[in-house]
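Comments concern the structure below.
Readers should treat all values here as calculations from the given coordinates under stated rules, not as data from a laboratory. Fair warning: this is a prediction, and the values are worked out from it, not measured in the lab. Don't worry about glycine lacking a Cβ; one is built from the backbone with ideal geometry, like all the others, and counts go over all protein chains shown.
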Amino acid sequence: MKIAVIGTGYVGLVTAAGLAEFGHTVIGTDKDAAKIDLISRGISPIYEPGLEDLLKKTLASGNLSFTADVDAAIRDAGVIFVCVGTPQDEEGRAEMSQIEGVARSIARNLNGYKVVVEKSTVPVKTSEWIKRVIGLYRRGDTPFDVASNPEFLREGSAVRDFLEPDRIIVGVETDRARDALVRIYEKFRERVLVTSIDTAELIKHASNSFLALKISYINMIADLCDRTDADVEQVALGMGLDPRIGRQFLKAGLGYGGSCFPKDIRALTKIGEDLGVDMGLLREADKVNHGRTGQFLDKVKKALWILKDKKIAVLGLAFKPETDDIREASSIRIIRELVKEGAALRIYDPKAMDNMKEIFPPSAQVAYCEGPYQAAQDANALLVVTEWEEFRALDLGRVRELMANPIIVDGRNMFDPVAVRGLGFEYYPVGRK
Ligand code: UDX
């Protein structure tokens, strides 16, 4: 059975290469011909650990190929994974025109039974729309099924997440579709949870929103710790030791960013409200998250008072370590605010600087540096925005020598407060003294 993967963004590319690694014959396709050309040569347009190696390996094995001819890829395949983008509109709803376009292409090219699998994160009930669109535009009554198989990959460990999944959710409405998907994930049979399509669609949004909620919760507790003698790192540890709570996703800091959490929590809020459900809980979590950068900047102002003409080193731009992705990164709001206040920024990130240059081109106020030490040179304060391991390993004694004023505002609690202060720094962490 041949598999087509439509869309070669994060999800599509990892899915195509991952399914090929499982031994299936996969054809990846995208309407962006330049991108297909690049990927066909084994070059990944995004930075994702292990992805380029997996691409090269599966291309060389012959299991994976790419084409810009979306129609041909559809005609050739028995199972079609839909991995196109679902960006949010002004009100926070998922914008579904790309999905609808793909559904029409599938209808036009329906030359035999196919299973159409949505893998993009979509609102509950999307598969019903896909089914309706394909039904409306197909010629004759060629049979097809729709299914939902949401992707849970994290940027930075996407390849591992795909190759070693915790669970595989398969939402189907016929045995034929179920059998096709179970066969594709044969290797992980015991980890497959088969549900209805609505349930599968909801599991994705509900999971991401829950994790976002957990982060906002610990950030609220961090604010409480900031105003008392409690230490949020220890509160999180003490809470997390209860297996019902768990230790993961209790890291206080600048809040969540990236392409999923902010978008998914707003999308689920809208879905619920459109259906008449009170989604106030999620609205509050989103509000807490938005407040994180303001809290952080207040600390910068507390340390420096006036920001105009101050030299400020900013370490970390990506929304989290091990990625070059800056979508919804708190660094963007922080830089924008500091520039507005008249500060001169010295910025460094191991991977995300090229992306940031598109938003803030190098200027008198925004200088991109070659390393953290260069950024720290003559700075009046140093801000930690993303917790790259490279920063944990910094020689802080050297940093102190380089800086004009030894002030660190740490948005990610990277350092041991006692050790940092022992080196003569004024240190502002999150939710701890
Ligand atoms: C997330 C989900 O984890 C994944 O399952 C889904 O498919 C896509 O969304 P990703 O966006 O890559 O993945 O990042 P993740 O590692 O989950 O982190 C999301 C954000 O939360 C980051 O900005 C991170 O800095 C922040 N975060 C995470 C915290 O602030 N505290 C934590 O304890 C954990």
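Among residues other than Asp145 with Cβ under 11 Å from its Cβ, the summed charge is +1 (Lys and Arg +1, Asp and Glu -1). Overall dimensions of the stretch 207-270, expressed as equivalent-ellipsoid semi-axes from the Cα gyration tensor (√(5λ), whole Å, largest first), are 23, 14, 8.
Residues in the stretch 310-316 carry Karplus couplings, in order, of 7, 8, 10, 8, 10, 9, x Hz; the curve used is 6.51 cos²θ - 1.76 cosθ + 1.60 with θ = phi - 60°, and Gly or Pro positions show x. Projecting the Cα positions of Pro372, Asn355, Gly342 onto the charge dipole of the stretch 292-428 (unit charges on Cβ atoms of Lys, Arg, Asp and Glu, taken about the Cα centre) puts Gly342 furthest along the positive direction. So for the stretch 307-348, what percent of the C-alpha to C-alpha distances run longer than 12 Å? Result for the distance tail: 58 percent. Pairs of lysines in the stretch 2-195 whose Cα atoms sit within less than 25 Å of one another amount to 25, provided the residues are eight or more positions apart or on different chains.
If you take all C-alpha pairs in the stretch 295-374, what percent of them are over 16 Å apart? Within the stretch 295-374, distances greater than 16 Å cover 47 percent of Cα pairs. With Rh defined as the Kirkwood radius, the inverse of the mean 1/r over Cα pairs, the Rg/Rh of the chain is 1.01. Helical runs (DSSP H, four residues minimum) scored at -39500 (n - 2.57) apiece and divided by the length of the chain put the mean residue ellipticity at 222 nm at -13500 deg cm²/dmol. Projecting the Cα positions of Gly280, Gln295, Ile184 onto the charge dipole of the stretch 179-321 (unit charges on Cβ atoms of Lys, Arg, Asp and Glu, taken about the Cα centre) puts Gln295 furthest along the positive direction. With Rh defined as the Kirkwood radius, the inverse of the mean 1/r over Cα pairs, the Rg/Rh of the stretch 1-148 is 0.97.
Across the stretch 6-16, rounded Karplus estimates of 3J(HN,Hα) from the backbone phi angles (6.51 cos²θ - 1.76 cosθ + 1.60, θ = phi - 60°) give 9, x, 10, x, 3, 5, x, 5, 5, 4, 4 Hz, Gly and Pro being marked x. With the alpha-carbon atoms of the stretch 292-428 aligned to their principal axes, the span from lowest to highest coordinate is 39, 32, 27 Å, starting with the largest. Using R0 = 25 Å, the C-beta based FRET efficiency linking Glu91 and Thr199 works out to 0.50.
Partner lysines whose Cα lies under 28 Å from the Cα of Lys310, excluding those fewer than 8 positions away in the same chain, are identified as Lys299, Lys301, Lys302, Lys320, Lys340, Lys351, Lys357, Lys433. The 3J(HN,Hα) values that the Karplus relation (6.51, -1.76, 1.60; θ = phi - 60°) gives for the stretch 340-345 are, in residue order, 4, 7, x, 6, 9, 9 Hz. Gly and Pro appear as x.
State, as an integer percentage, the relative contact order of the chain based on alpha-carbon contacts under 8 Å between residues 6 or more apart. List each step's numbers first, then the result.
On the way: 854 pairs, mean separation 50.0, N = 433.
Relative contact order here is 12 percent.
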